[in-house]
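Asker: Let me give you the structure first, and then I'll get to my questions.
Values quoted throughout were computed directly from the atomic coordinates according to the rules given, and no laboratory measurement underlies them. Bear in mind that the values here come from a model prediction, so they are computed numbers and not experimental data. Glycine also receives a Cβ, built like all others from the backbone with ideal geometry; neighbour counts cover every protein chain displayed.
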Amino acid sequence: MLIQLDLSLNKLNGAIPDVIGNLKNLLDLALHGNDLIGLIPDTVSNLHNLQSLILNNNRLQGSIINELCQLKNLSKLNLANNMFSGAIPKCLGNTSLQQLDFSSNILISHIPSSLWSLKDILVLDISSNALSGIISPEVSNLRAITLLNLSRNQISGSIPTTMGGLITLQSLSLAHNKLQGSIPGSLRGMISIESIDLSHNYLSGVIPKSLESLLYLKSINLSYNLLDGEIPNGGPFQNFTAQSFMMNKGLCGKSQLQVQPCRRGNKHISNKVMLVIKCLVPIMVVILVVIGIVFLKHNRDDGNYATKRDLTNLGAPTRISYYELLHGTNGFDESNLLGSGSFGSVYKAILPNEKIVAVKVFNIDMEEALRSFDIECLALCNLRHRNLVKIISCCSNDAFKSLVMEFMSNGSLDRWLYSHNYCLDILQRLNIMVDVAAALEYLHHGTSTPIVHCDIKPSNVLLDEDMVAHVSDFGVAKLLGEGQLEIYTKTLATVGYMAPEYGSKGVVSFKGDVYSYGIMLMEMFTRKKPTDEMFVEGLDLKDWVSKSTPHSIINILDANLLHKGNPNISNILPHISSIFELALSCCTKVPEARIMMTDVVVSLKKIRSYLRKMLGRRH
């Protein structure tokens, strides 16, 4: 009678078979550290005796199935470092879980309130996802919790004061979220706490002096917030270093903490000074009110015009009103709709000067869309490159936000690649990929603030009337600081094009763009999307190309290229093989081993030169 099955760290691939549900006496199932793909089979609901399910560090995807909630004896569930998406099942609150780890996936939506009902939970780690919403005051129900990690999500609101009731908690991380408000003094009630990380939020106010009473506190990280006032110096705070308080400009304290010294001003203020203050304050209030009224009136008058955002040097109008866009799109009529995405829609518009433009209208009800608007303005408004879509202007007020961009008459590369009405020949495809590579080379190495696009794919490449390619849609782009080689994010990108380190750990770097470019380069000449239904049971686009290069590429090449009457196809194939080999060098699993975009541009231009000579064409 099999009660334990441990196949971890064995390089297993493929999907978890449905027959796993036949092992009805199983208590522990460990498949972590393999290369498993696909979904969790719903037959696991038959494992009524299962106490421990460990599937972390694989490539499993899909939603976290509700059938797991039927495992009433399950106490340990680890799905970390996979590609699970969707929401956390609400029914998990009805289980007896003691350890739950969903970290490093791509889960979205709010944290279900039922999760705070897990009274037996010891370890709860849902970090490194894209979860939003607030931390419920009901968090205090986790009476047995020892580790709580909600870091690297999109959680907003304040830290609930009830969190101080977690007297068993030893490790708390809420870092890299959007938390606001003050640090509750009630946290002094977490008498067992050893580690607190609240860094990279928007917390303000003072550090509660009451935290000095946390006798077991060994580490605290409050860096990258908006805190002010004096840093406590008693209890465990005597041992903390400057690393705990970085980038809080309002903090003061000892010099070794690398903050400004606290001013100890004379507390005695003369009656004359007090009289002057009492007279000046009302006057200053009146002046500020008048200034505020004037400012609001001016803002109301100009509210329907574009925010300038340093657009004056683009050689185009910098003030385009909402009403001009409304008129130019016939009231944003569907007949002018060019496309829709998760953050908004793009319309064709005709300005009063008869210029045709594309207007990207953002969904102001989505916080992610507003952040995308800011990112695109910041990333694109000061960039100049032939192969980037130009921002002409932007229109921004409280009720409407849009970008006005160059109109690309030939639409997206995705449309050309997969439509039955169009067909790109070999040189056209190569020209487009050289254009895209040149754009990425510029973003990575040609700007004062390097930019990682993060979502390179055919639908984000637009073609102008001369079939010149322009990279667009910088809604999830990331700007790297000086000397930075990588940053971390949980912003969702497109499955199939994401580099492995991006999908599993949220690592963003130039090398991630290189990986996406390599996938797109393969797609360009095979006419197969990385999510094509043929790629199942461990086979993906990269493996398919790798197994066919260099000797069998005619079997993977887009049939349209073979049917175009190429008399020199046998001579062309070696150069196509070089393209596939270049693509594979972009997609190596280890980021450091991937080729640089500067080298990609050089290699592709050489291949294009050979093909032009062979085909007798200059362009």
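Asker: Using the Karplus equation 6.51 cos²θ - 1.76 cosθ + 1.60 (θ = phi - 60°), what ³J(HN,Hα) coupling, rounded to whole Hz, does each residue of the stretch 449-465 give in order, writing x for Gly and Pro?
Answerer: 10, x, 10, 9, 5, 6, 8, 6, 6, x, 6, 9, 10, 10, 10, 7, 5
Asker: Work out, in µm²/s and without decimals, the Stokes-Einstein translational diffusion coefficient of the stretch 413-615 at 4 °C, 1.567 mPa s, Rh from Kirkwood over C-alpha pairs.
Answerer: 75 µm²/s
Asker: Suppose only helical runs count, i.e. DSSP H with n ≥ 4. What mean residue ellipticity at 222 nm does that imply for the chain under -39500 (n - 2.57) per run, divided by all residues and rounded to the nearest 500 deg cm²/dmol?
Answerer: -8000 deg cm²/dmol
Asker: Modelled label-to-label distance, GLU230 and SER113, 7 Å Cα→beta-carbon offset: nm?
Answerer: 4.2 nm
Asker: Given R₀ = 41 Å, what would the calculated FRET efficiency be for LEU5 paired with ARG384, taking r from the Cβ atoms and rounding to 0.05?
Answerer: Efficiency, from the Cβ-Cβ distance: 0.10.
Asker: Could you tell me what % of all Cα pairs in the stretch 500-619 have separations over 21 Å?
Answerer: Considering the stretch 500-619, 42 percent of its Cα-Cα pairs are separated by more than 21 Å.
Asker: Distance cut-off 26 Å, Cα to Cα: go down the list LYS511/LYS605; LYS511/LYS613; LYS11/LYS457 and report the pairs above it.
Answerer: From the list (LYS511/LYS605; LYS511/LYS613; LYS11/LYS457), the Cα-Cα distance tops 26 Å for LYS511/LYS613; LYS11/LYS457.
Asker: Treating the Cα atoms of the chain as identical point scatterers in vacuum, please give the log10 of the normalised Debye intensity I(q)/I(0) at q = 0.06, 0.07, 0.08 Å⁻¹, two decimals.
Answerer: Taken in order of the listed q values, log10 I(q)/I(0) reads -0.43, -0.57, -0.74.
Asker: Let me ask something else. When the Karplus curve 6.51 cos²θ - 1.76 cosθ + 1.60 is applied with θ = phi - 60°, which whole-Hz ³J(HN,Hα) does each residue of the stretch 521-530 get, with x for Gly and Pro?
Answerer: Couplings: 5, 5, 4, 4, 9, 9, 6, 10, 5, x Hz.
Asker: Let me ask something else about it. Amide H of SER128 versus every other amide H placed in the peptide plane: which residues, excluding those fewer than 5 positions away on the same chain, fall under 5 Å?
Answerer: Those qualifying (amide H under 5 Å, at least 5 residues apart or on another chain) are SER104, SER151, ARG152, ASN153.
Asker: Pull up all non-local amide H partners of PHE84: gap of 5 or more, or a different chain, and H-to-H distance under 5 Å with H placed in the peptide plane.
Answerer: Under 5 Å from the amide H of PHE84: ILE106.
Asker: Testing the spin-label approximation: label points 7 Å from Cα along Cα→Cβ at CYS252 and LYS547. State their distance in nm.
Answerer: Reported label-point gap for CYS252 and LYS547 is 6.9 nm.
Asker: Expressed in whole Å with the largest first, what are the equivalent ellipsoid semi-axes of the stretch 22-160 derived from the C-alpha gyration tensor as the square root of 5 times each eigenvalue?
Answerer: Sorted largest first and rounded, they come to 24, 18, 12 Å.
Asker: Taking 45 Å as R0, compute the FRET efficiency from the Cβ-Cβ separation of THR43 and TYR418 and round it to 0.05.
Answerer: With a Förster radius of 45 Å, E is 0.80.
Asker: If you don't mind, another one. If you count the DSSP beta bridges with both ends in the chain, what percent of them are antiparallel, to the nearest 5?
Answerer: In the chain, DSSP labels about 40 percent of beta bridges as antiparallel.
Asker: Now for a separate question. Below 8 Å between Cα atoms, with a sequence gap of 6+, how large is the relative contact order for the chain in percent?
Answerer: The normalised contact order for the chain reaches 7 percent.
Asker: If the chain between ASN239 and TYR202 were fully stretched, how many nm would it gain, using 0.36 nm times the residue separation less the Cα-Cα distance?
Answerer: 10.8 nm is the gain from fully extending ASN239 to TYR202.
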